[in-house]
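Encoded as C-alpha cells, the structure appears first; notes follow it.
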Amino acid sequence: MAETVAGLLAELGALEDPKIRAVNEKHGDEHGVNLTKLRAIAKRVKTQQDLARELWATGDSAARLLALLICRPKAFERDELDAMIREARAPKVHDWLVNYVVKKSSHSEDLRLAWFADADPVVASAGWALTAERVAKKPDVLDLPGLLDLVEAEMKGAPDRLQWAMNHCLAQIGIEHPEHRARAIDIGERLEVLKDYPTPPNCTSPFAPAWIAEMVRRQG
C-alpha cells in the first residue's frame, strides 16, 4: 500500500503522548511522539524523497523529523537546504537536518561557510555545528587559532543555541588538537559557559574543560 502524507500524519497524531510533549516543549520541540516509534515508521516507509518533501512542507515537527529519516540527503539542492534550515526552528528538527542531511550533502562546505556568520543565530549555529565536525575530520580547511579567537570574543554573550554550537567547536578543538588544547581549556575556564549545566550521572558535562579532559582520558 502506498504511503500518503495524510495517512502518515494520522499515524503520527495517534502516537502523540502528552507527557512526551510536555518534556519536549521545555526544549522548544512542539511534538509528543516517541522517537523510537517514529524511527520504526521510517524503517517501514523506507527512502522516499518526494514523500519526504511533502512531509516537510506540512510544517509539523513530527512530520519533518520523519521526512529527514526517509529523505535522500544528496537529492536536495543547495538553496533548498538553505531554505529548510531557516524554516527549522524546532531544535530537534534543526539538529537532525544538520546531522542527518546537510553533513551528507555535497553542498555542506558551501553551506557551512554561508551559514557560519549569518545574522540569524540559529542559522549561524548550523554553520558552527558543521565547523565542529570539520575540526575533527577536515581541519586543514580551518584556521583553528582564528576560531578560538572568535569563541573567546563571542561565545559568552551568544544566544543559547549558537553558544551551544560554539562551545561544541571549542571542545572539539581541545579534544582533537593537542597543540591548541591548553588554550581551549583556558578559554573554557575563563568564560565558564555551561559550567553549571545539569549533567546526569555517567554523562559527560558539556562544560568544555571537563568535556575535553574526559574525552582525552578515554583516548589515552
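The values are calculated or read from the model by the stated rules, or taken from the named source; none is laboratory data. Everything quoted here is computed from the prediction, not taken from an experiment. Here the Cβ positions follow ideal geometry from the backbone for every residue, glycine too, while neighbour counts run over all protein chains shown. For accessibility, only protein heavy atoms count, side chains too; no ligands or nucleic acids. Shrake-Rupley method; radii C 1.70, N 1.55, O 1.52, S 1.80 Å.
Inspection of region 32-47 finds no residue satisfying the criterion of being under 25 Å from Ser125 (Cα atoms), assigned to a helix (DSSP H, G or I) and open to solvent by less than 20 Å² (accessible area, probe 1.4 Å).
Looking at the structure I just gave you, is Ala62 touching a Phe, Trp or Tyr at 6+ places or on another chain (Cβ under 8 Å), within 27 Å of Asp118 (Cα to Cα) and not polar (S, T, N, Q)? Spelling it out, it is not the case that Ala62 is touching a Phe, Trp or Tyr at 6+ places or on another chain (Cβ under 8 Å), within 27 Å of Asp118 (Cα to Cα) and not polar (S, T, N, Q). Scanning region 87-128 for residues that are at pLDDT below 95 and more than 26 Å from Ala63 (Cβ to Cβ) turns up just one, Ala117.
Taking region 91-121 as the range and being surrounded by 21 or more Cβ atoms within 10 Å (Cβ to Cβ), closer than 25 Å to Asn34 by Cβ and out of contact with any Pro (no Cβ under 9 Å at 6 or more places or on another chain) as the test, the residues that pass are Val93, His94, Leu97, Val98. Which condition number in (1) open to solvent by 50 Å² or more (accessible area, probe 1.4 Å); (2) farther than 16 Å from Ser105 by Cβ is the one that Arg53 fails? Status for Arg53: all satisfied but (2).
Taking region 137-153 as the region of interest, how many residues are aliphatic (A, V, I, L, M), modelled with pLDDT of 95 or more and exposed (fewer than 13 other Cβ atoms within 10 Å of the Cβ)?
Just the residues of region 137-153 that are aliphatic (A, V, I, L, M), to begin with: 141-142, 144, 147-148, 150-151, 153.
Those still in the list that are modelled with pLDDT of 95 or more too: 142, 144, 147-148, 150-151, 153.
Add one more test, that the residue is exposed (fewer than 13 other Cβ atoms within 10 Å of the Cβ), and what stays is 153.
Number satisfying all stated conditions: 1.
Find all pairs meeting these conditions: Cβ atoms under 7 angstrom apart; at least six residues apart or on different chains; first residue within region 139-152 and more than 16 Å from Ile187 (Cβ to Cβ); second residue surrounded by 11 or more Cβ atoms within 10 Å (Cβ to Cβ) and among the hydrophobic types (A, V, I, L, M, F, W, C). Between residues of region 139-152 that are more than 16 Å from Ile187 (Cβ to Cβ) and residues that are surrounded by 11 or more Cβ atoms within 10 Å (Cβ to Cβ) and among the hydrophobic types (A, V, I, L, M, F, W, C), the close pairs are Leu142/Val135.
Taken over region 16-30, the criterion of being open to solvent by 50 Å² or more (accessible area, probe 1.4 Å) and not in a helix (DSSP H, G or I) is satisfied by Glu16, Asp17, His27, Glu30. Restricting Gly174, Gly127 to those that are surrounded by 18 or more Cβ atoms within 10 Å (Cβ to Cβ), more than 17 Å from the chain's Cα centre (by Cα) and among the small types (Gly, Ala, Ser) reduces the list to Gly174. Looking across region 60-90, just one residue is closer than 16 Å to Thr4 by Cα, in a loop (DSSP other than H, G, I, E, B) and open to solvent by less than 50 Å² (accessible area, probe 1.4 Å), and that is Cys71. A single member of Asp110, Asp118 is under 27 Å from Lys26 (Cβ atoms) and not hydrophobic (A, V, I, L, M, F, W, C), and it is Asp118.
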